[in-house]
Amino acid sequence: MQQSIAALIAALAQFPQHLRTHYATIPPARARFRPATWDGCPSEHFDPLEQLWHVRDIERDGYHVRFRRTLEEDAPVLADIDSYALAASKGERGTAEQALDEFADARAHTVGMLSALTAEQLDRPAQFEGYGPITVRGLMHLLCSHDHQHLSGLQWLAAKGQE
């Protein structure tokens, strides 16, 4: 069991570099590319630069809060975040490098916190709006899934940008 948690934490720790690598496949002139149709897009409908800021925002405003509440509160109800409303509330953003650096810092915080958890803490329960019952361990899996979703979204946008 501990080995699977170690592998999950390692995957979460490696993701900032994977995100940086996948984003590098997007030519700078296509950073704000929006396809004519989003049919088949495996992630939220954000352009490549917005994808980076979204991942950063969900790390800080979503998963940091979800993990903290699940560890500190008794069976909290965790909000499902409207990604588009969150992005709109942030207004105009900075560069890709800023988003990647801020995300890497936020993820390092996440990994540091998760690495220190006991088996008992990993099993703490919560109710995730729109998903159902979940534990800290389950939230870790969802975060990893979210990571992969956005790598896929960037690759999907890179492919669409070649048409």
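Bear in mind that the values in this text are calculations on the coordinates, not laboratory data. As the structure is a prediction and not an experimental result, all values here were calculated from the model. No Cβ is skipped: glycine too gets one built from the backbone with ideal geometry, and neighbour counts run over all protein chains shown.
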In percent, what relative contact order does the chain have, based on Cα pairs under 8 Å that are 6 or more apart in sequence? 38 percent
Name the most mobile residue of Thr95, Thr37, Thr110, meaning the one with the largest mean-square fluctuation, in a Gaussian network model of the chain with Cα contacts below 10 Å. Thr37
Dipole magnitude of segment 36-163 about its Cα centre, charges +1 at Lys/Arg Cβ and -1 at Asp/Glu Cβ only, in debye to the nearest 20? 240 debye
Within segment 17-92, GluC sites (Glu not before Pro) in DSSP loop having at most 10 other beta-carbon neighbours inside 10 Å: Glu92
How much of the calculated P(r) for the chain lies past 30 Å, in percent of all Cα pairs? 18 percent
Counting only backbone N atoms under 13 Å from a point 7 Å out along Cα-to-Cβ of Gln149, the residues of segment 15-45 in range are 41-45
Length released on extending from Thr95 to Thr118, taking residue separation times 0.36 nm less the Cα-Cα span: 4.5 nm
If you fit an axis through the alpha-carbon atoms of helix 2-23 and take the longest principal axis of the Cα set of the chain, what angle between them do you get, 0 to 90°, nearest 10? 20 degrees
Relative contact order (%) - segment 5-78, alpha-carbon pairs under 8 angstrom, separation at least six: 19 percent
What is the calculated FRET efficiency for Tyr131 to Gln162, with r their C-beta to C-beta distance and R₀ = 35 Å, to the nearest 0.05? 0.50
Taking neighbour Cβ counts within 10 Å as the exposure measure, how do Ile5, Ile134 sort from fewest upward? Ile5, Ile134
